[in-house]
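In what follows, a structure is listed as structure tokens, so that the remarks can point back to it.
Computed from the coordinates by the stated procedures, all read-outs in this text should not be read as laboratory data. None of the values given here were measured: they were computed from a predicted structure. Note: ideal-geometry Cβ built from the backbone for every residue, glycine included; neighbour counts use all protein chains shown.
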Amino acid sequence: MAKFRIAWLPGDGIGVEVMDATRIVLDRLDFDAEYIHGDIGWDSWCREGDAFPARTIELLGNVDAALFGAITSKPAKTAEAELVPGLRGTGLLYRSPIVRMRQLFDLYTCLRPIKAYPGNPLNFRDGIDLVVFRENTEDLYAGVEFAPVPQRLAETLSALSKNFAPFAGLAPDEYAISCKINTRKGSERIVRAAFDFAQKFGRKKVTVVHKANVVRATDGMFLEIAKEVAKGYPGVQLDDANIDAMTMWLLKNPFNYDVLVAPNLYGDIISDLCAQMVGGLGFGYSGNIGEKLAVFEPTHGSAPKYAGQNKVNPIATILAAKMMLEWLGEASRARALEEATAAVIAQGRVRTYDMGGSATTREMAEAIAAGL
Ligand code: GGG
């Protein structure tokens, strides 16, 4: 029996190619794993009306970790139109399987390392080494949304909104509501995860990213909790910044920052900005980590226009696999994989199109595997 059971979730589009490429390096590492395929994504939606079928949910309950490629998401009306004819008009609603997976398995930490590997021609600045902790289950992604707005909710909100109620008197379909919901528990555990990480890896500073001066209830609470949590980590400096200012300051001086922690939406935004500073989509990867399960993925989507061309950069998925190995306690394999990847980047002989080269997805993976 293999030491680890890994759910293998390629998804669709280029997800399939980057996962195939990643398997080349994992196999070269002699990683003792059984890989169990799970259906997820657009094909599952079109075929069976569920982008995250129950059998895949069951699989995720019985594995040590999962590696996930990429999926396509489309707006509700397009999603409905692409269902097989027998399922159209049956009231099925498309919901992002990524958000569902994070919420169902309480994968509350989204961990995104941001490292400028030497020699990467896409580095905004050499030497960038940041880590973003994004809360992964709450906030504007809680999924509590209303369009059209129910009458009872409209009346309650009108009564409660003393200062400014631009929606008062509007018909239910003339506006929409998405709720930003943050809990004390959810805020505290992500901030604690960031501080624990900083303490464990000798990082000096944790910057809380928020908009507490305007979004007072939720972000105000997030910041207050961060200040409380920080008291337990005297060796780690607490810093905070507004999300809007942060997007400028990060570009102006990325070396002022170390570990960043943010509620879901700001974390999503800031981590993409950070990923672009170290090479963009081909280098952005994340771990969705809970108490019982962790799912690792490139942060890019399914890029349908490149699907099937064996062209895209698989490094983000390969580094996601590296993080999975770390999480499983396979430290020496993880280190070897990161070193082999860094060496290929530094040598500059094998580069995919995004890096200015013409290597294929598979050639990039083979070059990394050759260094293992
Ligand atoms: N590997 C990440 C990925 O596939 N992202 C695509 C995406 O974000 N889709 C929107 C969604 O379904 O949440």
> If you take the charge dipole of the chain about its Cα centre, with +1 on Lys and Arg Cβ and -1 on Asp and Glu Cβ, which of A21, Y233, F296 is farthest toward its positive end?
Replying inline: Y233
> Tell me, what ³J(HN,Hα) does each residue in region 136-153 have, in order and in whole Hz, if you take phi through Karplus 6.51 cos²θ - 1.76 cosθ + 1.60 with θ = phi - 60° and put x for Gly and Pro?
Replying inline: 10, 10, 10, 6, 5, 9, 4, x, 9, 9, 9, 7, x, 7, x, 3, 5, 5
> Taking N as the number of residues in region 206-289, what is its alpha-carbon radius of gyration divided by 2.2 N^0.38 Å?
Replying inline: 1.12
> Once amide H atoms are placed 1.01 Å from N in the peptide plane, what residues at a sequence separation of 5 or more from I128, or on another chain, have their amide H within under 5 Å of its amide H?
Replying inline: A116
> For region 353-367, what does the Karplus curve 6.51 cos²θ - 1.76 cosθ + 1.60, with θ = phi - 60°, yield as ³J(HN,Hα) per residue in whole Hz, taken in order and with x for Gly and Pro?
Replying inline: 4, 5, 8, x, x, 10, 5, 7, 4, 5, 5, 4, 5, 5, 5
> A342: net charge of surrounding residues, Cβ under 12 Å, Lys/Arg +1, Asp/Glu -1, itself excluded?
Replying inline: +1
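Suppose the chain between E228 and R88 were pulled fully straight at 0.36 nm per residue; how much longer would it get relative to their current alpha carbon spacing?
Working: separation 140, 0.36 × 140 = 50.40 nm, distance 5.10 nm.
Extra length available between E228 and R88 comes to 45.3 nm.
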> Using the C-alpha gyration tensor of the chain, what are the square roots of 5 times its eigenvalues, in whole angstrom, with the largest one first?
Replying inline: 34, 28, 19
>> Restricting to Cα pairs below 8 Å that are 6+ residues apart, what does the relative contact order work out to for region 159-247? Please round to a whole percent.
In response: 30
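Rounding to the nearest 20 debye, state how big the charge dipole of region 133-223 is about its Cα centre with +1 on each Lys and Arg Cβ and -1 on each Asp and Glu Cβ.
Values: 14 positive and 10 negative charges, 156 e Å.
So the dipole magnitude of region 133-223 works out to roughly 760 debye.
How much length is gained on full extension from D43 to R5, taking 0.36 nm per residue of separation minus their Cα-Cα distance? Walk me through the numbers on the way to the answer.
Working: separation 38, 0.36 × 38 = 13.68 nm, distance 2.42 nm.
Length gained between D43 and R5: 11.3 nm.
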>> Using the Cα centre of the chain as origin and beta-carbon charges of +1 (Lys, Arg) and -1 (Asp, Glu), tell me which of T317, A336, F201 is placed farthest towards the positive end of the dipole.
In response: F201
> Tell me, what ³J(HN,Hα) does each residue in region 55-60 have, in order and in whole Hz, if you take phi through Karplus 6.51 cos²θ - 1.76 cosθ + 1.60 with θ = phi - 60° and put x for Gly and Pro?
Replying inline: 5, 6, 4, 4, 4, 5
> Do the alpha carbons of any pairs in K180/K205; K180/K227; K162/K231 sit beyond 31 Å of each other, and which pairs?
Replying inline: K162/K231
> Can you list the residues, at least 5 places off or on another chain, whose amide H is less than 5 Å from the amide H of Y175, using H built in the peptide plane?
Replying inline: V149
>> Using the Cα centre of the chain as origin and beta-carbon charges of +1 (Lys, Arg) and -1 (Asp, Glu), tell me which of Y108, P254, C46 is placed farthest towards the positive end of the dipole.
In response: P254
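Order of 161-168, 66-73 by packing, highest average Cβ count within 10 Å first?
Details: 161-168: 10.0, 66-73: 24.9.
Ranked by mean Cβ neighbours within 10 Å, highest first: 66-73, 161-168.
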> About the Cα centre of the chain, what is the dipole size in debye to 20, counting +1 per Lys and Arg Cβ and -1 per Asp and Glu Cβ, all else neutral?
Replying inline: 600
> Could the peptides 143-151, 183-191 be put in order, highest first, of the mean number of other beta-carbon atoms found within 10 Å of their residues?
Replying inline: 183-191, 143-151
> If amide H atoms are built 1.01 Å from N in the plane of the peptide, which residues on other chains or at least 5 residues away come under 5 Å of the amide H of Y285?
Replying inline: T299
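Volume per residue, Å³, of the convex hull around the alpha-carbon atoms of region 1-111?
Numbers: hull volume 12.9 nm³, N = 111.
Per-residue hull volume (Cα only) is 116 Å³.
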> Pulled fully out, how much extra length does the chain show between C179 and A346, if you take 0.36 nm times their separation in residues and subtract their Cα-Cα distance?
Replying inline: 55.6 nm
